[in-house]
1. Can we say Leu45 is within 30 Å of Asp185 (Cβ to Cβ), over 24 Å from the mean Cα position of the chain (by Cα) and modelled with pLDDT of 95 or more?
2. Restricting attention to segment 105-129, which residues are buried (at least 19 other Cβ atoms within 10 Å of the Cβ) and among the hydrophobic types (A, V, I, L, M, F, W, C)?
3. Within 16 Å of the ligand (Cβ to nearest atom) and surrounded by fewer than 17 Cβ atoms within 10 Å (Cβ to Cβ), is that true of His73?
4. State the number of residues belonging to segment 164-199 that are more than 16 Å from the ligand (Cβ to nearest atom) and hydrophobic (A, V, I, L, M, F, W, C).
5. Tally time: how many residues in segment 78-127 are of a type in the set (Gly, Ala, Ser) and either under 18 Å from Ala192 (Cβ atoms) or within 16 Å of the ligand (Cβ to nearest atom) (or both)?
6. Kindly check whether there is at least one residue in segment 193-208 that is aliphatic (A, V, I, L, M) and closer than 27 Å to His73 by Cβ.
7. Pick out, from segment 119-182, the helices (runs of 4 or more DSSP H) lying fully within it that include 3 or more residues that are polar (S, T, N, Q) and either in the same structural domain as Ser90 (by TED's automatic domain parsing) or under 14 Å from the mean Cα position of the chain (by Cα) (or both).
8. Considering each of Thr81, Thr57, Thr69, Thr30 in turn, give the residue that is within 17 Å of Ala155 (Cα to Cα), touching a residue at least 12 places away in the same chain (Cβ under 8 Å) and out of contact with any Pro (no Cβ under 6 Å at 6 or more places or on another chain).
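The values are calculated or read from the model by the stated rules, or taken from the named source; none is laboratory data. In this text, all values refer to a predicted model and were calculated from it rather than measured experimentally. Glycine gets a Cβ as well: all are built from the backbone with ideal geometry, and neighbour counts include every protein chain shown.
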Amino acid sequence: MCDFRPEPDEFRISPLPNGYERSDTYNAETTDRIAQNIRQNLHLLGEDATREGLQKTPERVAKAMQFMTQGYHQDPKKILTSALFEEDYSEMILVKNIEFYSMCEHHMLPFFGKAHVAYIPNGRIVGLSKIPRVVNIFARRLQVQERMTLQIRDAIHEVLQPLGVAVVLEARHMCMMVRGVEKQDSSTITSAVSGEFMKEATRAEFMKLIRSHAGGL
Ligand SMILES: [Zn+2]
């Protein structure tokens, strides 16, 4: 979990006048201030923050936190608008098994799992790669799973104005797992639908598709 390699399309590297490169996402002052707090927390937890293994930990944590909350600086509607196409297709389009990693806002611990997103276009479609990006933008914030599910549905509904949107998130929550509140292998499922997906037959088709292993992929 300590290898937070930036994704090339989401992190802009800006060369500074002195030739030193930094990622815009890791604001130097923010990183410094979070790192100071983490150092204090280590002390409060009874650790020696100066011992070798922990020396760079505060800075790593500060960057990891910024990485995991970078969604605050990204606009899902802009991403969707950037790849809209007129198209006469009006069958269900489903992107399933989108891996996501988020952080619960109650404990600041990870919850992670898979998202399944479907929509039925009404004259326009969106580039398929934008759907996982929208999921990621909402995941990389402090979240509750229920709200994240609604936000994904609403962003897609608002920009595409489709005949309907359906979103299902299946996730496991560290805050529950580490405390033994839930069995280690159980997951939390949330769903949100709009338009045509309010109809039972359409929703059933969607649920069947996300459970199927079409083509053995
Ligand atoms: Zn929690």
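1. Here the answer is yes, as Leu45 does meet what is asked.
2. Within segment 105-129, Phe111, Ala115, Val117, Ala118, Ile120, Ile125, Val126 meet the criteria.
3. So His73 fails the test.
4. Going through segment 164-199 one residue at a time, the tally reaches 9.
5. Going through segment 78-127 one residue at a time, the tally reaches 4.
6. No, segment 193-208 contains no residue that is aliphatic (A, V, I, L, M) and closer than 27 Å to His73 by Cβ.
7. Hits in segment 119-182: 145-160.
8. Just one listed residue meets the conditions, Thr81.
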